[in-house]
Structures are given as structure tokens and as C-alpha cells.
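Structure first, then comments.
The values are calculated or read from the model by the stated rules, or taken from the named source; none is laboratory data. Worth saying up front: this structure is predicted, and the values here are computed from it rather than measured. Every residue, glycine among them, receives a Cβ derived from its backbone with ideal geometry; neighbour counts consider all protein chains shown. The area values use the complete protein model at the heavy-atom level, side chains included, leaving out ligands, DNA and RNA. Shrake-Rupley method; radii C 1.70, N 1.55, O 1.52, S 1.80 Å.
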Amino acid sequence: MPTRRNFLRGAGAATALVGVETVGSPLTAAALAGDETLRQPYARRVDARDKVRGAVQYGADHVPARLTHAVPVVATIGKGRVVEFDTTAAEAVPGVRLVLTRIPPGELRSAPFIMAGGFAVQGYQPMTSDRVAYRGQMIALVVADTLVAATEAAALVTARYETEPFAVTLDADGTETLLQATVIPRFPDTVMGDADAAYATSPVKLDATYDGPPQHAMPIELLASTVEWQGENLIVRESTQNANAVRHGVAYELGISADRVEVISPSAGGAFGQKNSFQMHLGPLALAARRVGRPVKLVVPRTQTFHAGSFRPASRQRIRLGADRSGRMLAAIHEIDAQTSRHDLFPMQYTELTGRMYDIPDFRGRHQLVRTDAQTPGYMRAPFEHIAAFALESSVDELAYKLGKDPVALRLANDAPTTDPISGHPFTSRHLAECLRRGADRFGWVDRRPGVGSMRAKDGTLIGWGVAVGAYKAATAPATAVLRAESLGRRRCRVTITVDGHEMGQGIRTAITNLITGNLGVATEDVVVVVGDTRGVPPQHSTAGSWGTATALPAIDAAMGKLREQLGLRPSGPIDLPAAMSGRAPVELQARTKAPGQPDDVWDRVAAGGAAGAGPEYPAFTSMSYIAHFVEVRIEPRIRRIRVPRVVSVADCGRVASPVTAVSQVRGGVIWGIGATLREGGEVDPRFGGFLSASLEDYALPVNADIGDIDVSLIDKPDPLLNSVGVKSLGEVSMVGVAPAIANAVWHATGRRVRRLPIRIEDVI
Amino acid sequence: MRPFAYTAARTLGQAVEALADGGPGTKVLAGGTTLYDLMKLRIENPPAVIDISRVSELTRIDTSGAELVIGAGARMADVAEHPVVRRDYPALSESLWRAASQQLRNMATVGGNLLQRTRCSYFRGGSAFPCNKREPGSGCSAIDGIDRHHALFGGSQSCIATYPGDWAVALLAFDAKLDVVGPKTRRTIALADLHVEPGSTPQREHTLAADEIIVRIRVPKTAAGRGSTYLKIRDRESYAFALTSAAVGLTIGRRGVIEQSRIALGGVATRPWRVPAAEQSLIGEQLTEATARRAGEVAFAGAKAGHHNGFRIELGIRTVTEALMIARTRATR
Ligand SMILES: Cc1cc2nc3c(=O)[nH]c(=O)nc-3n(C[C@H](O)[C@H](O)[C@H](O)COP(=O)(O)OP(=O)(O)OC[C@H]3O[C@@H](n4cnc5c(N)ncnc54)[C@H](O)[C@@H]3O)c2cc1C
Ligand code: SF4
């Protein structure tokens, strides 16, 4: 079997690679941390066996009796209204039960946008009026006995439109630019000191503009729901990261009590923010199921996902960075224009990263929202941080070059180790410097020659080494955990945990299992974890913003504390639960936790389906996770394809709750970072509106052959303040900084400073 | 999916007959990787298909004579991996191996491959986009649109869609011929005469009659086959269509003088694009960085850029240069 590295070599990707050691299949955090010694044996991915056997149940896997299938019809104009439908041909297709077009008033109302205190991916429900707000919007829904019949009939529905002018790109005529701080006062701009004055007097100045394209999260598993009415009650099976919002959203739209809705979502096949709220197909789908009197399944076709799913908005960022001649950063001004929709204001938080990445005393941020005729953008993995880091960390690299400083040393010199510059409160923990030092060491940074174009392979291939850092909030949400312990004899005890959380493949079941086996001395196979199911413990608040582990684990920890107390066991240290439970009746108890400083009424908010994530700023401290990425690019002398044969990433995510899945998260984040930097970009043809690149052919994602060695290492120091288990966040921080590390490496190799993503062959030829 | 009639032929005779009897619009079905795809997009709407994938006489590969003879029904993967093809015609093998994905290559045939259709987003994107190829007379959305992948050669006022295939480009460089049979015809055509430029009828892409079946592909053996390569440059390492590609072959004689040269371009024209002037520029020369680059420049001399595809001229020149440098190492071995 060829190794990946050999394979890459064979494809001509990498000539001589510098000695790299990759962490293989780690079994202990100690193996990853290098210097940290942890005793505990950790589980591998607990659902791995089921996954490879195809036994995991996803949203579309459930096949109830008498199932019917729905397929949406989407608008083919950029904006306007539907004047008339012709559904005759569609209705004549054998097996068609329903062609739902415009929904009469009173049958369905639009659920509010999740970021406006509601539940939904956007605050505009298609089909409740004659409006077409954007190309690709759902305008009708066909239900038939088979998927084939529904697909055929959907293609036969025709609509006559009245068109209106539209604007989809940031620069188009007809957009509307709004100052975020004015239109969404709860998202004010970050201002510290007097950045304009400090910048004006800075001895060294940088001023550059960075463009980010719209990007679409394309999880392998499509958006999918199966709905079934059981009398007056609605059962929704859907892959989601937010069963609570799905439940309340559909109840709101139908005008029924949320108690009559159950949402079951044991596993999602990737979500990445796209599945973080109520989706707009669900209301019409539930209505259709009621009309046909049968369960209905809808899997949103891949090409429709580009307009049905939320996306990372197009952005333009201007960064001004002032420094003294020693490289000390004095001032930064970060101004962002990013896309939102006509119907919603999607709040941006780019400066949450730029304002506290370094110790910059004078800082001013400004966010402007640009209204465009598209679906509402949303939270796609590291929604703001990925692209904010591209701008900031490219500028920092430029500063290093301008001053002739080493990029790692410059970053270390500007580190803000103890205090959050924005809030003035202490950081709970910050091991960014250690990430940088360890990363430099593992990468072999000392061998870097700083001159642009100074490193070449024998065949003339240009080699570029780049570094960048990233950060992401360590957020927390309220959680309820129900623990049930049941003796299975003298040596075994089954522990069933039902907790707020969703498994999107990130490994929450594995992290929970590790916590329980380590704490209670039960076997891995005796731990049962139930998440993503409103029939277990409501509310099933969303698992997003990288807060899943830091939210579920403390609640479970509290429940285990109660269990120890109830059984008269020592409050901490190793115990033998199977022995303690032997001969006893099963015990069931509940505990709940919330973010530091959250008021008690937060429980009411989540009970009503609302969003209740908190952080990174808490009343007494700020908590962030950190990462440093070191990237090697190789650019062929003639053709100039950009390849990334190796990446070294070191993350500080607090305590590592599950080494196997944590490393996998970082690797996945780095891979996505490579894709988001070198491949992914939504194309808009301004004459037609919507997104032109609405297929996996036109929207290029990386393939295996694009990915080289990724060496992941984790600091694994428990955070002392954020929660009882010491975990921070990891899923999203892993991607932050990959883009600038690549861009900086491209600069090092070629002398081209590319300020627009994706960086493609035409940028370096 | 619209209902359609399906007939599986067991012999070539049956296939020819069924195709003739099928009525207007009846189509041959080989691996189905293009045809079914276009049917799902409602671009092709045949009332009937004749499945030839079980016709064993179409799958034969014979390398014993003075020509490579490859049945039109042979799978891309089987031809790509064939030891003689790999040894004597690396360009042919590479053009297949660098196309699509392993799964597709296991399904798709080398005959069907020749007749694949453009990947133009507007063509595939549905009725919302005017497209002369899909709907003659409706206009061309690409000409003033996002044309990063569109043709630099052979376009017209009606259509600038790129011919996307790789295999036909490599075949063109090596003077391949096709044996074709219809109910009343049995003829041989040069591959060079199969594809046509769009002109004012972009819906017409090739010269086969509706009732003709490609039986086999024949490639004369030449020493330039050994000294050949197919270099494909794309937006990622694998599983993407070409931004630029070049099939080149060289024979190099005494004192390093080029005696034969073959150059065809892929991904840049409305049909597979051979560049005789570029080939000619090398004859009698030594292959150096400079002569290779000059051949690339000659090859791209008449290129016509649109709005977003101009970079592919320089990229194409470099692709030819690089391909020639690779071919040289094989030709002189
Ligand atoms: C995702 C994807 C990626 C791809 N990437 C590439 C790529 O990178 N490079 C590349 O070159 N190709 C690529 N392809 C195209 C692929 O190579 C073709 O789809 C395939 O070769 C067609 O062969 P088939 O046997 O499946 O043809 P079919 O789909 O069965 O037929 C295609 C056409 O040819 C006709 N036909 C088939 N056989 C005959 C015959 N013997 N005589 C007359 N007419 C015939 C059919 O009627 C039909 O019109 C890709 C395809 C897909 C789906
Ligand atoms: S280039 Fe050809 S295929 Fe593409 S839109 Fe124009 S006419 Fe259609």
C-alpha cells in the first residue's frame, strides 16, 4: 500500500519532504501532549464500528410505513413574484399526491430568524406569499409515492413570474449598506482607546483590503427531514445541531404547542453550522404530511442546497495596522463589509478575533452589513474568525517582512498572555505562545530562510513556509443531564446519560464516554449516551459555536458528583461504581449547569426554544481557545500549481476530552482550511442572481490527493476557570489561521501577496 | 424521470437494428455516466435507449498488430491499465487515468467518452440560463458571463463551450480512426473528423449519424507513442476537468534532433485541438526549454480570451512546455 506521502510524490506533488513525524493513532492524551502525563486510557471513537457497518441512523434513514417523498420546486428568477403556477402536468404524473404551491394565510406563519430571537435559519418563510426573494428559493413542494415520481413532477411544475431588479454581490447597484452597531444595537463595534490617532502617529503603517468569497458548507449528509403525524402530534426526524429550535420553529409555524412536537436526531453526517436551526423546508413539509395523511421524507437535493442552506457571506475587510520600529503593534483599525439578506440582519463578529488576538492598545472595529438578494447567510465553521484571521494574520506577516523580523518572534512579542484587551478581564488560560513554540519546533522553523523565493527544491520547485495563529471563543450553553445507573452484576454497571447535545461526527459521544469511564470506573461498552432527542431530556439546546463538549461535560460531571454523594462515595478520585451499585436498585438523577454568570431565567429562554450560548466574555473572565499553524507550500517552477505537502498545527483547547476525535477535529479543520483557501468560492453571475456554482462540480472542494501530512498536537492543559472539567473549544479554532498561513507561505515562495480567496493558479502564474 | 424504453442488445447486429428501429431520438447507452446524467438534468430526453454494455465484441482490446485496436465498449479503467497501452502510449493511458474518478472509469466506456458533452455551467444549469446548445436560438449566457472554463479556440458568436474530454485529445494527437457501423453504412472516419466546431449550430457536436454506433478505435503504432505524455492541469489534483491539457509525443533521433512531434490541446477549445504549426516548429530542433516554450507559444498564437479565461493562455503555453519536457525524458530513454 502506498502511503499518502508516496502517493503525493507519485503525483508529482512533493519532491524531497523535510522530515516530519505525524501522530498516528493516539490512544492517550499523553502521546499527543508530548510533555503531559495522563494516566487515563481513552476510548477510540465509540461509534466507529457502527459507522463502518452503516448502522448509525441519520435523518433520512428512517423509513416509516406508507412513506411518501417530497421534492421542492425552486425559483428560476433572481427576484420578483410568482404570478401563476401551472401544475397540471405535475399532477398528472402517476403517484403524485400533492403539489403544494402557495400556502394560504393562516396555515403557516414564518418562524423568526434565530439571530433575531427566533428559531429559523432565516426570518422569511418561502411559499407563504407570492414573493421570490432570491434565485433558488423554494416556491412549491411536490409529494408523491416514490422519489422518482416526485422528482419528475417537480420538474414539470412551471411558474410565470414578474421579475424585479436584484443585487447579489457586495458592489452591485441596489444593495443597501447598514452600520451594524446602529441596526443591531446588541452587537456594538469594538473600540479601545483612540485607534485613528494612534495609527496616524505609528512609525510603521500597513493598510490593505482583503476579499472573501461566499462559501457554502457542504456536509456529506444533505439537509433531510422525515415527518410523521401521530394523531395531533408531529414526529420529526432530521439531522440537526439544534433539535430545540427545530421543535419550536415548526410548532410556531404551524401554530401548535411545542409539546406536540418531538425531534429525533441521533446523528448528523456533518453540519458545520448549516444545520444549526430550523430549516425553511420543514413547515411546508409538515403541512404536506398533514394533507396527504402519510409520513413524508424530504432530502434537499445537493444543487438546491446552495440556495436552501445558509452560507459564509461574501466579505471585504480593510485592515490598518500601526506598529513601532521594534515591531510592537500600536493600533489596528478593522473595517468589514459583509453580505446579509434583504429579510434579515445577520450579525457579524469579526473583531472578536482581531481585537484580542494581540496586545494592541488602540483598536477600532466597524461592521457594515450589505443587504443582498440571497438567502440569509449564517454560521459556517469559524464563521468570522477564518476570514478575519486571513486579513489580520496576512497583515502581521507583512509587518514582519517590513521590519525584517521573524514572523514567529513578532507574534510572540505581541502576545497578550494574561489580559483580554477588549474586556480588561483575565483570560481563563492562554497557551498561544506554547502553541507557537511547539509548532515551530515540530515544523523545523529554525531552518527557514526568510528571503522571498529563497527556498527551492532541486527541481526548482519554490518552497514557502508560512505561519499564522488563530483563536476562537470558548463558549458555553446551559445543559441538563439525566444519569441513570443500573447494576449489571458485581463487576458491571450500565450508565445511561441523556444530555443536551448533538452528535455531528465531532465525537460528543466519545468525549462523554471518556468522562464517565474515567470518573466512575465503568467499562466503555456499559456507557449509553443519548443526545439529539427531545424525548429524552428537553430542551436539546443547540450544539454550535464549538461549545458542545464544554456544555455537556460539566452537566454530566455535576450529575456524577450527585451520584457519588447519593451513594456515599468519596467526592473525587477513583471509585468502583459497579461494586457500589451491586445489589442496589437503579438510580436516576438529574443535574444542570449553565455558563458562568448566566442568570436563572436562561432556563426559561431555552425552554421556549431560544438561543442561549454565552462567551467568550463572562462576568469575571474571557475564555478563548488558540491555535498555531505552520504550513509548507510547494509551487512548481513552470506550471505553478500550489500544493500543501505538510501542515503542523498545535492547539490549546483546554483539557483534551477525547484525543482521537480531537485530533480528527483539528485535521478536519486544517483540511477545510486548505479547501477554503485554495479551492472554495461561490460564483455569482450578476445577470442571473443566486449562485451560479451550485453543484459540487462548479464549487470545488479539495480531494484526498490535495491533502498532505497534517501533524496535530494538543497542549492539553485543563482550563482552571471556565468549567469543572477544564475543557474549552476546539472544532472551529482548528480552521482559524490556516488561510493566512497558506497565503503567507505563498508570499514566502513567490513574493505575491494574494488578498483575495481562493488563491488559485492564476494568482501565482 | 421521464419514462423511456430500454432494450439490452447482446450482439452488435442487434444493437444496430434496435437503434434503427427505435425511432427518432433513440440513443445508445454504454456506461451511462454521461447519458443518465444528462437525462437527469433533462438535457437529453431519449424516448428509448439501446444498452450496448453487454455486447462482448465491443469490449475487445487487441494490441498485436500494427495498430492498437480498442473496442468502443472497453472500460476506461481497463484501457488505462492495459500494459501495452501504458508502455507504448503513456499519453493514452494517462488521458484516461487522469479523467473522472476510479468509480466512473470502472463504468464508463472509451466510446461513450468521445461523445461526452460540455461542462458549461449555463448548459447544465437549467432552463433559466439561455443556451444555444441546449435550446437553439435562446442565446449564449457564457459569452458575457463567467467564462473561466470556456474555450480559447474554436468558439463562435453562438457558443464558446469547451469540449471537456481528455481521451479524444490524446487520440487526436496520434491520428486515431474510428470504425463506425449503421444499418446501411460501415465506414471509417478519422477522429479528427468526429467533433465539429459550434459555428451557428452548437447543438451539433459531431458527425455521427443518429443510427451509427462506434465499434472500435484504431491507433497506428508509432515511436512517438512511447515518447508521449498527457499533462492535465486542473483546479485540484484529481477529479476535475482540465483548465489546460496537452497530449504530446516526440521521437528524437541522433544528436537529439526531433524527428516527429505531436501536440494536441485539451480543455481550451470547442473540440479536441491539434496544433500542427506548433508540431512543425520543433522538427529538426533540439528540445530545450526555449524550443519547447516556443512551441507552446505557437500553439496558443490564435487564442481568443474572454473575460475570466485569459490566464489559461499563459498556463496553456506552460502546459505544452512542461509536457514536452516530460516527453523528452521518455523519447530519449
Ligand atoms: C463526475 C464526472 C467527472 C468526469 N470527469 C471527466 C474528466 O475529467 N475527463 C474526461 O475525459 N471525462 C470525464 N467525465 C466524463 C466521462 O468520462 C464520460 O461520462 C464517460 O466516458 C462516458 O462513457 P459512458 O460509457 O458512460 O457513456 P454513455 O453515458 O453511456 O454515453 C455517452 C454518449 O455517447 C453515446 N455512445 C456511447 N457509446 C457509443 C457508441 N459505441 N457508439 C455511438 N454512441 C455511443 C451515447 O448515446 C451518449 O450520447 C466525467 C464524468 C462525470 C460524471
Ligand atoms: S457556451 Fe455554449 S453551452 Fe455554454 S451557454 Fe453558451 S451556448 Fe450554451
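Quote the total accessible area buried by chains B and A together, excluding ligands, DNA and RNA, probe 1.4 Å, nearest 100 Å².
Summing both sides, the interface buries roughly 2900 Å².
7 Å from Cα along Cα→Cβ at both B:Glu135 and B:Thr288: what's the point-to-point distance in nm?
Calculated label separation equals 5.7 nm.
Compute the acute angle (0 to 90°) between the alpha-carbon long axis of helix B:311-331 and the principal axis of greatest extent of the alpha-carbon atoms of chain B; round to the nearest 10°.
Tilt relative to chain B: about 70 degrees.
I'd like to know how the range A:369-466 sits against the 2.2 N^0.38 Å rule of thumb: what's its Cα Rg over that expected value?
The range A:369-466 yields a ratio of 1.43.
Give the Rg/Rh ratio for the range A:477-598, taking Rg as the radius of gyration of the Cα atoms and Rh as the Kirkwood radius, to two decimals.
Rg divided by Rh gives 0.96.
Please compute, over every Cα-Cα pair in the protein assembly as shown, the percentage with a separation greater than 41 angstrom.
Within the protein assembly as shown, distances greater than 41 Å cover 47 percent of Cα pairs.
Of the trypsin sites (Lys or Arg not before Pro) in the range A:433-477, which ones lie in a loop per DSSP and count no more than 10 other C-beta atoms within 10 Å?
Those satisfying the criteria are A:Lys458.
Could you derive backbone 3J(HN,Hα) for the range B:211-223 from the dihedral phi with the Karplus parameters 6.51, -1.76 and 1.60 (θ = phi - 60°), listing whole Hz in sequence and x where the residue is Gly or Pro?
So the Karplus estimates, Gly and Pro as x, are 9, 9, 10, 6, 9, 8, 10, 10, 10, x, 6, 8, 4 Hz.
Treating only the Cβ of Lys, Arg, Asp and Glu as charged (+1, +1, -1, -1), what charge dipole size does the range A:389-522 show about its Cα centre? Round to the nearest 20 debye.
600
Return the whole-Å distance between the Cα centroid of the range B:277-329 and the Cα centroid of the range A:402-430.
Here the two parts' Cα centres lie 50 Å apart.
Quick one: among B:Val69, B:Val79, B:Val257, which has the greatest mean-square fluctuation in a GNM of chain B with alpha-carbon springs under 10 angstrom?
The residue with the greatest mean-square fluctuation here is B:Val257.
Using +1 at the Cβ of each Lys and Arg and -1 at the Cβ of each Asp and Glu in chain A, identify which of A:Gln57, A:Leu206, A:Ser623 lies farthest towards the dipole's positive end.
It is A:Gln57.
For the range B:223-331, give the percent of accessible area contributed by carbon and sulfur heavy atoms, probe 1.4 Å, rounded to a whole number.
50
For the range A:531-599, which trypsin sites (Lys or Arg not before Pro) pass both filters: DSSP loop (anything but H, G, I, E, B) and at most 11 other C-beta atoms within 10 Å?
Counting only loop positions with at most 11 other Cβ atoms within 10 Å, none of the trypsin sites (Lys or Arg not before Pro) in the range A:531-599 qualifies.
How large is the accessible surface per residue of the protein assembly as shown, computed with a 1.4 Å probe and reported in Å² as a whole number?
Accessible area per residue: 36 Å².
So if each residue of separation counts as 0.36 nm, and I subtract the Cα-Cα distance between A:Val452 and A:Arg491, what length gain in nm does that give?
Full extension from A:Val452 to A:Arg491 adds 7.6 nm.
Cα centroids of the range A:716-765 and the range A:195-219: how far apart, whole angstrom?
So the separation of the two Cα centres works out to 15 Å.
log10 I(q)/I(0), Debye, Cα-only the range A:116-275, no solvent, q = 0.10, 0.16, 0.19 Å⁻¹?
-0.64, -1.30, -1.52
Set Lys and Arg Cβ to +1 and Asp and Glu Cβ to -1, take the dipole of the range A:314-451 about its Cα centre, and tell me which of A:Pro421, A:Pro361, A:Ser394 lies farthest positive.
Of the options given, the answer is A:Ser394.
Do any residues of the range B:286-333 lose at least 50 Å² of accessible area when the full set of protein chains is present rather than just their chain alone, and if so which, with a 1.4 Å probe?
B:Phe311, B:Arg318, B:Glu322
Just tell me the longest site-free run in chain A, where the sites are GluC sites (Glu not before Pro) in a DSSP loop having at most 12 other beta-carbon atoms within 10 Å.
Counting at most 12 other Cβ atoms within 10 Å as exposed, the longest clean stretch of chain A is A:233-765.
Can you list residues from other chains, or at least 5 along the same chain, whose modelled amide H is less than 5 Å from the amide H of A:Val132?
So A:Val132 has HN proximity to A:Gly80, A:Arg81, A:Val82.
List the lysines whose Cα sits under 29 Å from the Cα of A:Lys297, skipping any in the same chain fewer than 8 residues away.
Reachable lysines: A:Lys51, A:Lys79, A:Lys275, B:Lys40.
Only four residue types carry charge here, +1 at the Cβ of Lys and Arg and -1 at the Cβ of Asp and Glu. Report the dipole size of the range B:1-128 about the Cα centre in Debye, rounded to the nearest 20.
Dipole magnitude for the range B:1-128 comes out near 540 debye.
Given 25 °C and 0.890 mPa s, compute D for the range B:223-331 with the Stokes-Einstein relation, Rh being the Kirkwood radius over Cα pairs; round to the nearest whole µm²/s.
Rounded, D is 179 µm²/s.
If one computes the Cα centroid of the range A:465-480 and of the range A:305-384, what distance in Å separates the two points?
Answer, in whole Å: 16.
Given the options B:Ser245, B:Ser261, B:Ser200, which has the most mean-square fluctuation in a GNM of chain B, springs set between C-alpha atoms less than 10 angstrom apart?
Of B:Ser245, B:Ser261, B:Ser200, the most mobile in the Gaussian network model is B:Ser200.
For A:Asp711, list long-range residues whose amide hydrogen, built 1.01 Å from N in the peptide plane, is under 5 Å from its own amide hydrogen.
A:Val647, A:Val648, A:Ser649
Which percent of Cα-Cα pairs in the range B:5-54 sits in each 5 Å bin, short to long?
5, 25, 31, 23, 12, 4, 0
Please check which bits of the range A:676-705 a label hung off B:Arg236 would reach, taking the label as a point 7 Å along Cα-to-C-beta and the cut-off as backbone N under 13 Å.
A:676-681, A:695-705
Through the Karplus equation 6.51 cos²θ - 1.76 cosθ + 1.60, θ set to phi - 60°, convert the phi angles of the range A:659-668 into ³J(HN,Hα) values in whole Hz; use x for Gly and Pro.
x, 5, 6, 5, 4, 5, 4, 5, 4, x
Under the Kirkwood approximation applied to all pairs of distinct alpha-carbon atoms, what is the hydrodynamic radius of the range A:133-198 in Å?
17.3
Along the principal axes of its C-alpha atoms, what lengths does the range A:573-690 span, in descending order and rounded to whole Å?
Projected onto the principal axes, the Cα atoms of the range A:573-690 cover 74, 42, 32 Å.
Quick one: Karplus J couplings for the range A:246-259, per residue in order, coefficients 6.51, -1.76, 1.60, θ = phi - 60°, nearest Hz, x for Gly and Pro?
4, 4, 6, x, 6, 4, 4, 5, 8, x, 10, 6, 4, 5
How far apart, in nm, are the 7 Å Cα→Cβ label points at A:Leu567 and B:Ala223?
So the label points at A:Leu567 and B:Ala223 sit 8.4 nm apart.
Using only the alpha carbons, work out the radius of gyration and Dmax of chain B in angstrom.
Over chain B's Cα set, Rg and Dmax evaluate to 19.6, 64 Å.
Mind checking which lysines have their C-alpha under 30 Å from B:Lys304, skipping anything on the same chain fewer than 8 residues away?
Once the sequence-local lysines are set aside, what remains near B:Lys304 is B:Lys133, B:Lys177, B:Lys232.
Do any residues of the range B:128-149 show a loss of at least 40 square angstrom of accessible area between the isolated chain and the full protein assembly, using a 1.4 Å probe, and if so which?
Those residues are B:Ala128, B:Phe129, B:Ile146, B:Arg148.
Please identify every one of the trypsin sites (Lys or Arg not before Pro) in the range A:64-99 that sits in a loop by DSSP and has no more than 14 other beta carbons within 10 Å of its own beta carbon.
Those that pass, being in a loop and sparsely packed, are A:Arg66.
For chain B, set up a GNM with springs between Cα atoms under 10 Å and report which of B:Ala242, B:Ala128, B:Ala192 has the largest fluctuation.
Highest fluctuation among the options: B:Ala128.
Percentage of Cα-Cα pair distances in the range A:316-392 greater than 19 Å, rounded to whole percent?
Here the tail beyond 19 Å accounts for 39 percent of pairs.
Which of B:Ala66, A:Trp465, A:Ser257 sits closest to the plus end of the dipole of the protein assembly as shown, meaning its Cα is farthest towards the positive end, when Lys and Arg get +1 and Asp and Glu get -1 on the C-beta?
Going by the Cα projections, it comes out as B:Ala66.
Reachable aspartates and glutamates from A:Lys562, Cα under 16 Å, same-chain residues fewer than 8 places away excluded?
A:Glu486, A:Asp576, A:Glu588
List the residues whose amide H sits under 5 Å from the amide H of B:His206, counting only those 5 or more places along or on another chain, with H placed 1.01 Å from N in the peptide plane.
The answer is B:Val196.
Using only the Cα atoms of the range A:167-211, what do you get for the radius of gyration and for Dmax, in Å?
Gyration radius and largest Cα-Cα distance of the range A:167-211: 15.4, 41 Å.
What dipole magnitude, in Debye to the nearest 20, does the range A:477-598 give about its Cα centre under +1 on Lys/Arg Cβ and -1 on Asp/Glu Cβ?
280
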